[in-house]
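Notes follow once the structure below has been shown.
The values are calculated or read from the model by the stated rules, or taken from the named source; none is laboratory data. The shown structure was predicted, so the numbers you read here are calculated from the model rather than taken from an experiment. Don't worry about glycine lacking a Cβ; one is built from the backbone with ideal geometry, like all the others, and counts go over all protein chains shown. Surface areas here come from the heavy atoms of the whole protein model, side chains and all, with no ligands, DNA or RNA. Shrake-Rupley method; radii C 1.70, N 1.55, O 1.52, S 1.80 Å.
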Amino acid sequence: MRNQPPLSLHIPAPHARPGEKPDFSYLTFPEPGAARRPHILTPEAEMRDMPYSLIRVLAEDGRAIGPWAPHVAPETLRRGLRAMMLTRFFDDRMFAAHHQGKTSFYMKSTGEEATAAAPSLALLPGDMCFPTYRMVSFLMARDYPLANLVNQIFSNAADPMRGRQLPLLYSARDYGFYSLAGNVGSRFGHAVGWAMASAYKNDDKIAMAFVGDGTTAEGNFHEAMVFASVYHAPVILCVTNNQWAISSYQGIAGGEETTFAARGIGYGLPGLRVDGNDFLAVYAATQWAAERARANHGATLIEFVTYRVAGHSTNDDPSRYRPSDEARAWPLGDPIERLKAHLIALGEWSEAQHEALARALHEEVRAAAKAGEALGTLGQNPPPKREMFEHVFKTPDWRNLEQRRECEVAP
Amino acid sequence: MSEVKQLNVVQAINQALHDAMAADPKVLVLGEEVGDKQEGGVMGVTKGLSTAFGERVRSTPISEQAIIGAAIGASLGGYRPVAEIMLMNFIAVPMDMITNHAAKLRFMSGGQTNVPIVIRTMTGVGFSTGGQHSDYLEAWFAHTAGIKVVAPSNPDDAYGLMRAAIEDDDPVLFIENLPTYWTPGPVSFQKVKLGQAKVALEGTDATVVAHSRMVVEALAAAKTLATEGISLEVVDLRTISPWDRATVLASAAKTGRAVVVHEAVKQFGIGAEIAAVIGEELWGKLKAPVQRLGGAFAPVPFSRPLEAAFAPTAADIAAAVRKAVTA
């Protein structure tokens with residue numbers, strides 16, 4: 001006879017559902033500047049508090065405080081601000097374009113712009129980023145041509161992916177931005193292999209890979225962590241914890257019991273938990289992990305704690321699964337507003353400059369969208385049919401050639 | 001090397017890897033147990049490579065997704081990795097890496113990226129290794145655009161196809177047959193172009209199209225049939241994807257009879273595709289219906305007598321050819 005209740009399972013549930021008051025009480029944060037900054041060569045075993053802390057640099061008043069405050073030139077900060085603002089204008093324009101039927105699909109990065117813009121500027125030329133689909137600010141920070149993005153999103157004849165890949169699953173290898181895929185998790189493995197190859201070459205280039213909180217549940221995440229740990233691969237592995245994997249809150253991936261940064265502990269990898277809406281904290285953590293990797297001390301796992309302000313994609317309606325005012329209640333603020341306040345506090349920026357930049361970027365996006373529209377939007381002036389038969393292999397074989405003939409496509 | 005040597009398949013592939021690594025510093029080898037401290041692979045195919053080439057040969061954890069993922073990443077970094085997935089059934093683990101990434105990256109990146117990797121794997125019935133260690137799964141990959149599939153039947157082709165596969169700029173799956181690993185044969189150390197079949201035996205009455213160990217069975221069947229006055233032509237595909245349609249059709253047109261044989265399960269196997277094409281192209285010119293022989297529609301059994309009944313044999317092939325000739 002047993003004197004215990006019958007077995008039952010725990011099913012994680014979000015803290016607030018539609019109509020309820022937003023509740024982020026499950027996240028407890030140390031004050032900005034409070035997290036310690038271990039030396040980059042510190043053994044992992046002496047840093048096991050870090051995954052449960054939170055690296056924050058920007059204080060409420062815009063000052064950069066504490067040991068993680070990085071030395072960044074104001075010009076670099078302005079570039080970061082510009083990239084994040086450009087991303088937001090671009091997202092808004094393209095999201096609207098979807099409603100107008102100009103593209104089939106879009107995903108916004110709103111709220112998460114710092115997690116990609118800051119690494120883009122902290123990495124060195126030749127390093128390689130293995131991104132997720134919410135990281136267009138990485139490309140914006142490197143002045144990637146908006147035309148390439150627009151033409152892919154509109155799927156016209158100038159699409160650099162030639163009509164073969166979804167809108168916004170970009171490839172920009174020359175910009176240190178590896179091909180995106182919607183099959184989440186695979187990039188962790190590719191990044192580790194790329195980093196191992198860099199070490200084989202005795203090079204000094206490192207890789208940086210991103211997955212979302214939901215993808216930490218994938219086998220690829222763990223296998224890549226094993227490789228990164230075993231070989232001390234020069235790679236920075238990042239989890240962008242934006243609280244939501246489509247409509248599944250981060251607890252479904254295991255974030256309720258521990259932090260995603262703490263996943264590193266089981267692999268002997270340092271885990272840093274970072275305020276993802278704090279441009280300077282993201283920049284500083286990236287630099288720390290990059291220096292450690294370049295010093296042959298191997299991989300770091302970084303969790304960027306942020307919030308996905310928009311829906312997962314144009315196919316998603318977040319009002320069905322979370323309070324509509326949840327974004328406003330997010331305790332870590334807006335990355336653009338926070339960096340702007342910092343630059344103003346430094347005396348390196350002003351409201352007037354900000355407004356002028358906003359107007360200029362708005363116009364830049366409008367012009368790029370108009371140029372793309374002139375080339376064609378969804379269904380108009382599409383890539384030629386022959387694109388289906390090229391790049392399947394380096395050289396088309398008889399199967400490609402025969403099907404091309406059957407489609408009556410001239411070589 | 002221009003001289004001809006007697007080697008078995010293990011030695012031939014080992015020599016091919018050795019020669020490729022010596023010729024190109026960008027060739028890497030990775031996989032479970034491939035280093036000499038781990039005895040150079042479970043069957044010794046990679047023996048001596050880590051001693052000769054040091055860090056370029058990497059024994060890995062048991063992480064098939066990470067093995068293929070790392071190979072893809074290293075290829076992006078300018079290398080030509082040869083990744084071993086020890087047994088073909090284990091390839092189910094990294095299928096996403098192979099079919100969604102390695103095979104598609106060139107296409108889906110608009111041509112920015114290519115993945116020049118070779119995936120070595122061994123398989124085959126005959127050693128009582130059971131249904132989770134014996135399957136021929138070539139059809140899964142022949143059905144995927146963007147990856148080539150190679151399966152040699154003898155040491156000479158094993159050498160030549162491996163050298164060509166490593167030099168190829170697209171991903172190549174290289175299937176090795178376990179039970180014929182130690183069968184010796186002459187090796188001429190010449191590269192064998194991918195996509196080209198070989199007429200392993202010339203004949204006039206019927207054509208058998210086969211690959212890997214089934215070529216050995218077909219050649220044995222040909223000996224028996226010769227004593228009965230039946231002249232069999234054997235086409236060794238060597239490359240399954242892209243398969244050499246021209247050579248197969250020329251042979252079938254010449255003999256007027258075709259039997260397609262593979263060890264993989266018959267249903268939806270590559271024999272169905274080849275038989276269909278022969279039928280489409282040679283309609284009205286054949287003297288008998290195209291036949292297919294393949295493994296049973298069941299997992300490969302462990303028990304020796306059951307396992308022996310799983311795959312086509314020389315006797316099965318001879319019987320099918322007799323049926324065709326008397327049709």
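Here is how the numbers come out for the structure above:
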item: Conditions (1) open to solvent by less than 10 Å² (accessible area, probe 1.4 Å); (2) within 18 Å of A:ALA118 (Cα to Cα): number failed by A:GLN287; result: (1)
item: Selection status of B:PHE141, over 18 Å from B:TYR181 (Cα atoms) and more than 10 Å from every other protein chain (Cβ to nearest Cβ); result: yes
item: Close pairs from segment B:178-200: first buried (at least 16 other Cβ atoms within 10 Å of the Cβ), partner part of a loop (DSSP other than H, G, I, E, B) and polar (S, T, N, Q), Cβ under 7 Å, at least 6 apart; result: B:GLY185/B:ASN154
item: Condition broken by B:ALA92, with the remaining ones in (1) open to solvent by 30 Å² or more (accessible area, probe 1.4 Å); (2) over 21 Å from A:ALA197 (Cβ atoms); (3) at pLDDT below 95 satisfied; result: (3)
item: Of residues in segment B:265-285 being among the aliphatic types (A, V, I, L, M) and open to solvent by 10 Å² or more (accessible area, probe 1.4 Å), the one farthest from B:PHE310 (Cα to Cα); result: B:LEU282
item: Residue, surrounded by the most Cβ atoms within 10 Å (Cβ to Cβ), within segment A:40-89, restricted to residues that are over 24 Å from A:ALA299 (Cα atoms) and of a type in the set (Ser, Thr, Tyr); result: A:THR87
item: Some residue of segment B:235-256 being in a strand (DSSP E or B), without any contact (Cβ under 8 Å) to a residue 60 or more places away in the chain and not assigned by TED's automatic domain parsing to the domain that holds B:LEU173; result: yes
item: Among (1) open to solvent by less than 30 Å² (accessible area, probe 1.4 Å); (2) under 21 Å from A:LEU81 (Cβ atoms), the one test that A:ASN241 misses; result: (2)
item: Residue list for segment A:186-204, filter: crowded, with 24+ Cβ neighbours inside 10 Å and either more than 21 Å from B:PRO81 (Cα to Cα) or facing chain B (nearest Cβ under 7 Å) (or both); result: A:SER186, A:GLY189, A:HIS190, A:ALA191, A:VAL192, A:GLY193, A:TRP194, A:MET196, A:ALA197, A:SER198
item: Filter result for the condition that a residue is open to solvent by less than 50 Å² (accessible area, probe 1.4 Å), within 17 Å of the chain's Cα centre (by Cα), within 12 Å of chain B (Cβ to nearest Cβ) and among the β-branched types (Val, Ile, Thr), over A:VAL235, A:VAL211; result: A:VAL235
item: Of all residues making up segment A:330-355, the number that are out of contact with any strand residue (DSSP E or B) (no Cβ under 9 Å at 6 or more places or on another chain) and over 29 Å from A:GLN152 (Cα atoms); result: 15
item: Matching option when the condition is surrounded by 20 or more Cβ atoms within 10 Å (Cβ to Cβ), at positive phi and without any contact (Cβ under 8 Å) to a residue 12 or more places away in the chain, among B:GLY73, B:GLY110, B:GLY146; result: B:GLY110
item: Condition check for B:ASP168: assigned by TED's automatic domain parsing to the domain that holds B:ALA16 and open to solvent by less than 40 Å² (accessible area, probe 1.4 Å); result: yes
item: The one condition in (1) more than 13 Å from the chain's Cα centre (by Cα); (2) buried (at least 24 other Cβ atoms within 10 Å of the Cβ) that A:LEU146 fails to fulfil; result: (2)
item: Selection from segment A:293-311 of residues that are open to solvent by less than 10 Å² (accessible area, probe 1.4 Å) and in a helix (DSSP H, G or I); result: A:ALA293
item: B:GLN132 vs. criteria on the phi < 0 side of the Ramachandran plot, of a type in the set (S, T, N, Q), surrounded by fewer than 19 Cβ atoms within 10 Å (Cβ to Cβ) and within 14 Å of chain A (Cβ to nearest Cβ); result: no
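Okay, residues lined up against (1) in contact with a Leu (Cβ under 9 Å, 6 or more places away or on another chain); (2) within 14 Å of another protein chain (Cβ to nearest Cβ):
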site: A:HIS342; (1), (2): yes, no
site: A:LEU346; (1), (2): yes, no
site: A:ALA356; (1), (2): no, no
site: A:ALA367; (1), (2): yes, no
site: A:LYS370; (1), (2): no, no
site: A:LEU375; (1), (2): no, no
site: A:MET388; (1), (2): no, yes
